[in-house]
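The values are calculated or read from the model by the stated rules, or taken from the named source; none is laboratory data. Bear in mind the structure is a predicted one, so any value in this text is a computation, not a measurement. Here the Cβ positions follow ideal geometry from the backbone for every residue, glycine too, while neighbour counts run over all protein chains shown.
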Amino acid sequence: MRKLVLAVTLVVWSGLIAGCQGQKRSTYTNSAGSLALSTDDSLLYAADADNDFIAVIDTGTEAKIAEVKVGRDPERVSVGADDAIWVTNRGSRSVSMIRRGDWREAARIAVGVEPVGLAVSPDDRTVYVVSSTSLESSDYGTLTAIDVETLSPAWTMAVGPEPRAISLIGNDRAVISFFKEGDLALVDLAKREVLRAGTDLYRRANASKLSGTARYGSRGSVFSSFFPRSGNDVVASPDGERLYSAVVWSREERIMVTPNAVTGYYGDGGPCNVGAIATPGVVTTALDRFRAVVDDLTTCSVGTDAADRDYPPSAITTPSVRRPIQGPAAMAIDPTGAWLYVVNRQSNNVAVIPTRTRQVAGLDFESSGSSVRSLVPVGSGPNGIALTRDGRKAYVYNAFDHSVSTLTSQGRGNNAVIVSNDREPIRVASDPIGEGRNAEFYAGRKLFFDATDSRVNNVSVGVACATCHPAGADDGHTWGFPDGPRQTPALAGRQILNTAPYHWDGEFATLQDFVDHTVRLRMGGTGLSPALTRQLAAYIDGLAPADNPHVLDVPTDAQRRGKEIFQMGQCDSCHSGPWLTNNGFADVGTRLTGGANPDNPEKLTRGFNVPSLLSLARTAPYLHDGSAATLKDRLMRDRGSNRHGALAEVSDSQINDLVEYLKTL
Amino acid sequence: MVASRALATLWLLVASSGFAAPDLPALSDPSAPLAPGGSVQQQAPTGRDPNTTSLFAATALGRGNAGFGMYLGFPLLGVRAGYGILDTVDVGLELDSFYGVMNELRAFVRWQLYRGRHWTWALVADGGKAFFAQTAATEGKGARWLTGRRNWNVVPGMIASYSSAAPLSARLFVDLRCHVAFDTEPFQSDPLGGIPPALQVSTNLPVRFGVEAPFSSRTSFLFAFGFDLHGRVEDSKLMPMVSIGVVTAL
């Protein structure tokens, strides 16, 4: 009898184990960015930011059947279980809702500033929207829950600065990516609180460098730490165990003084001894511990046990140096969780990466050093992807071409290749002319974004202007240039063409001089003719400033007082005129004379080039070396010296007022 | 052909070895009629008790009797415990392991159809759930490739065994099965190659030759070899197996 009891117990135990294994937790979505499929895969919705509409495409006939006007700069689109289409209007602080078959905007709901991230809850009752900043302050972004039934915001909560994408974990949790910080936050949607801010990503990715145990030699010769920037997207695996987020690993260590004559010094070494100083990456995060699972970026070169790891290499490495990968903008994962599709906006391709192994049919990371199973060329400026539910087709939206590429597979195993209809994509629109945009603007935009154009950069380096100036903004990074640390300045909305000379040290009198230097010596390109430089200038000049919550129809009292202090403190003696710079030079006591990478005194005999203060609010960190995290940090530091404005006698509350004013510029 | 030659060789070796104990007295009356149910009423010899505890051959344990076995080999090691619920029907549990990379807990039933003086035939079926250390998407040429097993497995088949009349004679057996594997971990092996169905069924053909060679009235050595023919394209086409172990009465 006891034997029978034992047997029954064993059977029950094994059944329990089997039952527990089957739980699924994530909210799977088959699309990302500017593209989404209807629930039956028969319709494709593409958000065209230039034309402010959603293109509706019949996937059977591959023809556009409708276009629906929405708000300005529609960025992301998502489809609910009831087939409602949701769109974030980045330029209109709103979300649009469209009902399938009724091809007009059914509702527009106000949210935060520059809404970008979007997700529909699995129960279809709530739409979650991530906005880059709140309506009150640029210091933090927001997460807004929209009640689908009432079509109105149910609640809004603050999250960290510059959030970008969202991925839902069931109905009660969400993960948010942050653009400048490159890390993730875990949010409890029921309690409306941030459970975990950060995955310990930076420390884990640079563990050996930070601990001083990194070694030169076969385990990596680049002796630098790397900061994750440009956290554009995050996606959860279907089993809810892991998250994959896109970053650009940005080098922190000093870039070598002697530039490589072929690649330029932006090719001076990236993470894992591959790529450029700014290299695209995929970060894996274990959701149960909310901890980054990453390679050590100093020691993860080929030849180590890296090939045995069950997550994608943390740096995306191309299978061919002639085909760069840059600017990960959107990511989708197949329903089985085996493949990650990374849409690369600056290299015009899609990288298909296995998620759980580094060795599959057609890919051997150990021997090739590449993490990419297939690298599929698509059109220009891709920023969205949607996978069909049968796992046989992928659509990619090419924002600069206003077209859709269709990706399919041919062959099996080692012979399987993915092909695109790149020669005959589905066209949905053309470049709109007007409002300061013309053919030169659009041509310049392609130059600005294209890491595959050998005129702009050496393709083995694979960096574009947009790599550090994403969409003309800044990446928040301070680079260790040979002349000293230099924080990436924002370009958008700063009237750059009126603010020569260029660079922090003002060494370039004209934009052509600047382009010649940067393109040839830094990026390794063959160079841009004056005509091409004009195109580039047309794009930069046409960039709208980042939306700013501090700009109000009627200034607040603090802003008015701050303006008076700006004048009283003689800030406008240098930051003067319509562009808030006198285009001169000033020594405000910030030059670094020591440390690992001091400023080159020979380049700074006149001080630093006075930067424009336009669009200041969302361009943190501040100063040439990025040493001031906030405007107040800058103003409070060393203010008694009166070297950076006559602020010695200004009270703390007046400093606060001044900050409020500076944020309105 | 190779396998059948090997079986014949093993058969001759064992039959001529001490395991057959040819000098021991035979059953008291070899010509005694079969008992109801097809089993022979083993009569205790005057010198040594017969060993009737079998877990891998076709001979049933008998009502109320229990047996335990363990084996070590390639690609699997495992333990098996059986209990005779009827004179001709045993049930039991078994744990197979590909050295920790794959562990399968399975139940088995054996129905002794026929037992003659030398030959015994039985229908058998195993079934259970396998736990893999790696997911199907992660694993390359691992436990699934080697064993053909998937998340759930059912292995019906037939065993034929032969023994001489001696109390401690070896039980030579041939075990032919049809392994039906149920894969509940579908994944895309090729990007954009299509989503496989939620449940994928594949079949394999395991063939085993072996011997339970008693060295006492309760305990036997186990030697087995054979191969699996795998029907799933992702798996190895043919995988040899070999194991040694012991079987004992509880």
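Below, the figures for the structure above:
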read-out	value
Positions within the stretch A:339-363 being small (Gly, Ala, Ser) and at the interface with chain B (Cβ under 10 Å from one of its Cβ atoms), in sequence order	A:361, A:362
Verdict on residue A:611 being free of Cβ contacts under 8 Å to residues at least 12 places away in the same chain, touching a Lys or Arg at 6+ places or on another chain (Cβ under 9 Å) and under 24 Å from residue A:255 (Cβ atoms)	no
The stretch A:521-533, subset part of a helix (DSSP H, G or I) and in contact with a Leu (Cβ under 9 Å, 6 or more places away or on another chain), residue surrounded by the fewest Cβ atoms within 10 Å (Cβ to Cβ)	A:532
Residue list for the stretch A:373-384, filter: more than 24 Å from residue A:413 (Cβ to Cβ) and either within 13 Å of chain B (Cβ to nearest Cβ) or assigned to a strand (DSSP E or B) (or both)	A:382, A:383, A:384
Filter result for the condition that a residue is among the aromatic types (Phe, Trp, Tyr), crowded, with 18+ Cβ neighbours inside 10 Å and within 13 Å of another protein chain (Cβ to nearest Cβ), over B:132, B:182, B:173	B:132
Neighbours by Cβ (under 6 Å, 6+ apart or cross-chain): first from the stretch A:576-592, under 12 Å from residue A:611 (Cα atoms) and at pLDDT 90 or above; second part of a strand (DSSP E or B) and of a type in the set (Ser, Thr, Tyr)	none
Residues being surrounded by fewer than 21 Cβ atoms within 10 Å (Cβ to Cβ) and not aliphatic (A, V, I, L, M) - total across the stretch B:98-128	12
Qualifying residue in the stretch A:455-473 (condition: basic (Lys, Arg) and within 14 Å of chain B (Cβ to nearest Cβ))	no
Breaking point among (1) at pLDDT below 95; (2) of a type in the set (Ser, Thr, Tyr); (3) over 19 Å from residue B:82 (Cβ atoms); (4) under 23 Å from the mean Cα position of the chain (by Cα), for residue B:203	(1)
Residue match in the stretch A:294-308 (condition: under 21 Å from the mean Cα position of the chain (by Cα) and closer than 24 Å to residue B:134 by Cβ)	yes
Some residue of the stretch B:136-148 being surrounded by 20 or more Cβ atoms within 10 Å (Cβ to Cβ), under 30 Å from residue A:242 (Cβ atoms) and basic (Lys, Arg)	yes
Boolean, residue A:108 is modelled with pLDDT under 95 and either of a type in the set (Phe, Trp, Tyr) or more than 18 Å from the chain's Cα centre (by Cα) (or both)	no
Residues (facing another protein chain (nearest Cβ under 9 Å), assigned to a strand (DSSP E or B) and among the aliphatic types (A, V, I, L, M)) located in the stretch A:385-417	A:387, A:394, A:407
Pair list, Cβ under 9 Å, 6 or more apart: the stretch A:318-336 residue within 14 Å of another protein chain (Cβ to nearest Cβ) and surrounded by fewer than 24 Cβ atoms within 10 Å (Cβ to Cβ), other residue of a type in the set (Lys, Arg) and not in a strand (DSSP E or B)	A:319/A:373; A:335/A:389
Flag if residue A:55 is surrounded by 13 or more Cβ atoms within 10 Å (Cβ to Cβ), among the aliphatic types (A, V, I, L, M), modelled with pLDDT of 95 or more and in contact with a Ser or Thr (Cβ under 9 Å, 6 or more places away or on another chain)	no
Boolean, residue A:136 is surrounded by fewer than 20 Cβ atoms within 10 Å (Cβ to Cβ), part of a loop (DSSP other than H, G, I, E, B) and within 25 Å of the chain's Cα centre (by Cα)	yes
Residue tally, condition within 25 Å of residue A:475 (Cα to Cα), surrounded by fewer than 20 Cβ atoms within 10 Å (Cβ to Cβ) and either hydrophobic (A, V, I, L, M, F, W, C) or not assigned by TED's automatic domain parsing to the domain that holds residue A:36 (or both), over the stretch A:139-167	2
Candidate set: the stretch A:479-513, residues that are touching a residue at least 24 places away in the same chain (Cβ under 8 Å) and assigned to a helix (DSSP H, G or I); chosen: the one farthest from the chain's Cα centre (by Cα)	A:498
Verdict on residue A:81 being assigned by TED's automatic domain parsing to the domain that holds residue A:167, surrounded by fewer than 16 Cβ atoms within 10 Å (Cβ to Cβ), aliphatic (A, V, I, L, M) and in contact (Cβ under 8 Å) with a residue 40 or more places away in the chain	yes
Candidates A:546, A:558, filtered to the one that is modelled with pLDDT of 90 or more, assigned to a helix (DSSP H, G or I) and of a type in the set (Gly, Ala, Ser)	A:558
Residue pairs meeting the criteria (Cβ under 7 Å; at least 6 apart or on separate chains; first touching a residue at least 40 places away in the same chain (Cβ under 8 Å), in the stretch A:353-375; second surrounded by fewer than 20 Cβ atoms within 10 Å (Cβ to Cβ) and part of a strand (DSSP E or B))	A:365/A:359; A:366/A:359; A:374/A:417
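So that you can scan it fast, the table gives a plain yes or no per residue for (1) within 12 Å of chain A (Cβ to nearest Cβ); (2) at pLDDT 95 or above; (3) touching a Cys at 6+ places or on another chain (Cβ under 6 Å):
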| site | (1), (2), (3) |
| --- | --- |
| B:69 | no, yes, no |
| B:76 | no, no, no |
| B:92 | yes, yes, no |
| B:100 | no, no, no |
| B:105 | yes, yes, no |
| B:111 | no, yes, no |
| B:121 | no, yes, no |
| B:136 | yes, no, no |
